[in-house]
1. From the P(r) of the chain, can you give the percent of Cα pairs sitting at distances over 19 Å?
2. Using each residue's phi in the range 49-54, evaluate 6.51 cos²θ - 1.76 cosθ + 1.60 at θ = phi - 60° and report the 3J(HN,Hα) Karplus result to the nearest Hz, with x for Gly and Pro.
3. Expressed in nm to one decimal, what extension gain is obtained for the pair residue 53 and residue 94 from 0.36 nm per residue of sequence separation less their Cα-Cα distance?
4. Length gain on complete extension for the stretch residue 35 to residue 142, per 0.36 nm per residue less the alpha carbon to alpha carbon distance?
5. Quick one: dipole size for the chain, taken about the Cα centre, charges +1 on Lys/Arg Cβ and -1 on Asp/Glu Cβ, in debye to the nearest 20.
6. Taking one equal scatterer on every alpha-carbon of the range 69-156, how large is log10 of I(q)/I(0) by Debye at q = 0.23 1/Å?
7. How high is the FRET efficiency from residue 154 to residue 110, r the C-beta distance, R0 30 Å, rounded to 0.05?
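A short reminder: the numbers here are calculations on the coordinates, not readings from a lab. All of these numbers come straight from a predicted model, not from anything done at the bench. So basically every Cβ, Gly included, is an ideal-geometry build from the backbone, and we count neighbours across all protein chains shown.
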Amino acid sequence: MSRRSKPAKRIPLADPIYNSVDVSKFINRIMRRGKKSLAERIFYSAMEKIKERTGEDSMEVFQKALTNATPLLEVKARRIGGSTYQVPLEVKADRGFALSSSWIIDFAKKRSGKSYVDKLVNEIIDASNGQGAACKKREDTHKMAEANKAFAHYRY
């Protein structure tokens, strides 16, 4: 185990259009191979389409989608006495944001459709309505934690 101190948490700059750190983190998660301008173009065009389709503020829909897909509990494998238990743990805020954003992006990629922008729009709208694959993943994670709450005393 390292005895050095933990590195300081780096928070990216807020994005210029919505002035939100969450948006810049989401754009960084969309980005592949350092092509940030492409990731920004994808995200901002998706936000415009969300505004057209729902008629609501696109930032509110995005925030609601993230909160609906954010898990409160997760399970972690813990090896005790030769057997492995799935131990339920509470999810911290930054880990919850990372999980929900990656789930939304991954399930948007797996959707059927032509453009990635349309897939992302559909996944964000579904997540804001409490539907979609990202919200189902959250429910599955919660069910797994609920099923293994007998092993909660192995928490570390």
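1. Details: 7197 of 12090 pairs.
Of all Cα-Cα distances in the chain, 60 percent exceed 19 Å.
2. Values, residue by residue: 5, 5, 5, 5, 6, 8 Hz.
3. Extra length from residue 53 to residue 94 when fully extended: 11.8 nm.
4. 35.1 nm
5. Dipole about the Cα centre, nearest 20: 1040 debye.
6. Normalising to I(0) and taking log10 leaves -1.02.
7. Here the calculated transfer efficiency is 0.35.
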